[in-house]
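First the structure, in the form of structure tokens, and then the observations on it.
The values are calculated or read from the model by the stated rules, or taken from the named source; none is laboratory data. Quantities reported herein were computed from a predicted structural model and do not represent experimental measurements. Here the Cβ positions follow ideal geometry from the backbone for every residue, glycine too, while neighbour counts run over all protein chains shown. These area figures cover heavy atoms from the full protein model, side chains too; ligands, DNA and RNA do not enter into them. Shrake-Rupley method; radii C 1.70, N 1.55, O 1.52, S 1.80 Å.
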Amino acid sequence: MRIITILMITIFLCTAVSAKKKGAPGMSAGAPGDRTCNSKKCHAGNELNSDKAKIFIAGLPKIYTPNEIYEITLRFEQPGAKRWGFQATVANDKGDAIGSLISVKGQETHIQDNARYKSKTNRQYLTHTKKGILGSEKGKSPSWIIQWKAPETVVDTSNFYFAFNAGNGNNKDTGDFIYTRSFRVSPGSK
Ligand code: HEM
């Protein structure tokens, strides 16, 4: 019993610490089988996808060319929000990773590499860093530039899943507004 309690506490602490240091915990981007930031335990205060924010996602192709690297810029605005976060993942229609997400040098982003998620899915999760939650202007998130490298061969449709958090800056997971967006990008002609 004691060992189980210690194990439970360790897992809980790891999650809390990785969430604090390392951006959003994996599997929170709203892809099939994932939670979103607005899950029952976390950031649950407000309705998902309320219409308070303006979300800008630029650079997603309509169709993709094998091996091409696409640069995608994410940013959003919400009056009164003070802390900002995101998570992105890409999957084919079977839910498997397709292509690869790249965390761009110099950007306050990183690929969530917590083994806990690797055991559950082969998808990658790209998220903000701790420094990456600070916006430069009131009510405006930082811009995060991420990259996606298309698969070597034209195979499946790629589904992009994004989750965004407009936080109130109370350093808690309460009072924040969560948004999700998803896009289908078809393979170019074979
Ligand atoms: C993609 C989904 C998520 C995003 C973008 C996100 C982003 C953020 C941001 C921006 C903050 C600072 C909020 C503020 O100060 O107002 C925060 C705090 C927090 N988040 Fe999340 N989060 C996500 C998912 C989660 C999930 C699923 C959990 C629970 C497992 C979680 C746990 C926490 C906790 C405990 C805090 C408060 C203290 C801290 O900074 O660690 N988050 N998150």
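The residues of region 139-190 that are within 14 Å of the chain's Cα centre (by Cα), of a type in the set (A, V, I, L, M, F, W, C) and open to solvent by less than 10 Å² (accessible area, probe 1.4 Å), listed by number, are TRP144, ILE146, TRP148, PHE160, PHE162, ALA163, PHE164, ALA166, ILE178. In region 57-77, how many residues are open to solvent by 70 Å² or more (accessible area, probe 1.4 Å), assigned to a strand (DSSP E or B) and either in contact with a helix residue (DSSP H, G or I) (Cβ under 8 Å, 6 or more places away or on another chain) or within 25 Å of GLY188 (Cβ to Cβ) (or both)? Qualifying residue count for the region: 3. A single member of GLY106, GLY95 is in a loop (DSSP other than H, G, I, E, B), among the small types (Gly, Ala, Ser) and closer than 19 Å to ASN159 by Cα, and it is GLY95. All of ILE102, ILE133, ILE146, ILE98 fail the test of being within 28 Å of SER50 (Cα to Cα) and more than 13 Å from the ligand (Cβ to nearest atom), apart from ILE146. The number of residues in region 153-168 that are out of contact with any Gly (no Cβ under 9 Å at 6 or more places or on another chain), not in a strand (DSSP E or B) and not aliphatic (A, V, I, L, M) comes to 3. Restricting the first member to region 160-172 and to residues that are closer than 16 Å to SER182 by Cβ and within 8 Å of the ligand (Cβ to nearest atom), and the second to residues that are part of a loop (DSSP other than H, G, I, E, B) and open to solvent by less than 10 Å² (accessible area, probe 1.4 Å), the beta-carbon pairs closer than 7 Å and six or more apart or on different chains are ALA163/SER28. Flag set for GLU71, criterion: away from the ligand (no atom under 15 Å from the Cβ), under 24 Å from GLU137 (Cβ atoms) and within 16 Å of the chain's Cα centre (by Cα).
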